[in-house]
Amino acid sequence: MAGEPRLDPAYDFPEYRSTLLRCPKRPLLRLPEGPTERHGPMFGEHLVRESDADLTAQHDGEPLGERIIVSGRLLDEAGRPIAGQLVEVWQANAAGRYLHRGDQHPAPLDPNFTGAGRCLTDAEGRYRFVSVKPGAYPWGNHPNAWRPAHIHFSVFGRAFTERLVTQMYFPGDPLFAYDPIFQSVSDGARQRMVSSFDLDTTVEQWGLGYRFDVVVGGHLATPMVG
Ligand SMILES: [Fe+2]
């Protein structure tokens, strides 16, 4: 649409087949914003427990897989921290299997891993999760289609209208070149979805650290990928 910034990724990307079913076919309408859209979400901070951020401690035993610590900051378009915001993650287990009836591919479930977590950002916009590295999984989009390992993220900025859903990847994944979801984002913006290995947050004898900052808004925004 004239005057509208180019979407990155576009709503429709034929190689990512399901986008053709869900992309808008007609021009979007801008809805009036009320107080809820401008100042929500409001959720009880007391409902978010510190333990919700540790995906390896939700069951009696520890999940199998490579233990990871994923941390970063939630920032606005000017690089300022966004404090007190809900960050939610969901992911496959180390074998690449989701605990979801829609995922029946022949990889094992892990009785000690659900694959969902959440936390609130601190005063500096920081978040931190403990998890296991998710495995790649097949998804049937095209012959021999495998998703690169990824963690789904949802972040709220300062209002519902800023909510961003994206995927965090791991550096150097050989599946990037074959993945239409990753490739649907332009060259210049793809790397903003890729975490970096971080020795500073790696815990000796325990787990590997990855850093991933999420930017809401502006020309350096983290791409939205559902
Ligand atoms: Fe996924």
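When residue 182 is tested against the conditions (1) outside any loop (DSSP other than H, G, I, E, B); (2) more than 12 Å from the ligand (Cβ to nearest atom), the lone failure is (2). When region 188-206 is filtered for residues that are open to solvent by 10 Å² or more (accessible area, probe 1.4 Å) and of a type in the set (Gly, Ala, Ser), the ones remaining, listed by number, are 188, 196. Which residues, taken from region 123-148, are open to solvent by less than 20 Å² (accessible area, probe 1.4 Å) and within 13 Å of the ligand (Cβ to nearest atom)? Matches in region 123-148: 134, 135, 141, 145, 147, 148. Residues of region 84-98 that are closer than 15 Å to residue 154 by Cα and either without any contact (Cβ under 8 Å) to a residue 60 or more places away in the chain or away from the ligand (no atom under 14 Å from the Cβ) (or both): 84, 85, 86, 87. Filtering region 149-171 to residues that are touching a Pro at 6+ places or on another chain (Cβ under 8 Å) and either within 16 Å of the ligand (Cβ to nearest atom) or part of a strand (DSSP E or B) (or both) leaves 149, 150, 151, 166, 169, 170.
Taken residue by residue, region 151-172 has at least one member that is over 20 Å from residue 94 (Cα atoms), open to solvent by 30 Å² or more (accessible area, probe 1.4 Å) and among the hydrophobic types (A, V, I, L, M, F, W, C).
Consider residue 158 carefully, then state whether it is over 24 Å from residue 114 (Cβ atoms) and at pLDDT below 95. So residue 158 fits the description; yes. Applying the condition of being out of contact with any strand residue (DSSP E or B) (no Cβ under 7 Å at 6 or more places or on another chain) and within 30 Å of residue 159 (Cβ to Cβ) to region 99-122 and asking which residue is nearest to the ligand (Cβ to nearest atom) yields 100.
Scanning region 82-95 for residues that are touching a helix residue (DSSP H, G or I) at 6+ places or on another chain (Cβ under 9 Å), at positive phi and not basic (Lys, Arg) turns up at least one hit.
The values are calculated or read from the model by the stated rules, or taken from the named source; none is laboratory data. The model shown is predicted, which means the values in this text are computed figures rather than measured ones. So basically every Cβ, Gly included, is an ideal-geometry build from the backbone, and we count neighbours across all protein chains shown. All accessible areas refer to the heavy atoms of the entire protein, side chains included, with ligands and DNA or RNA removed. Shrake-Rupley method; radii C 1.70, N 1.55, O 1.52, S 1.80 Å.
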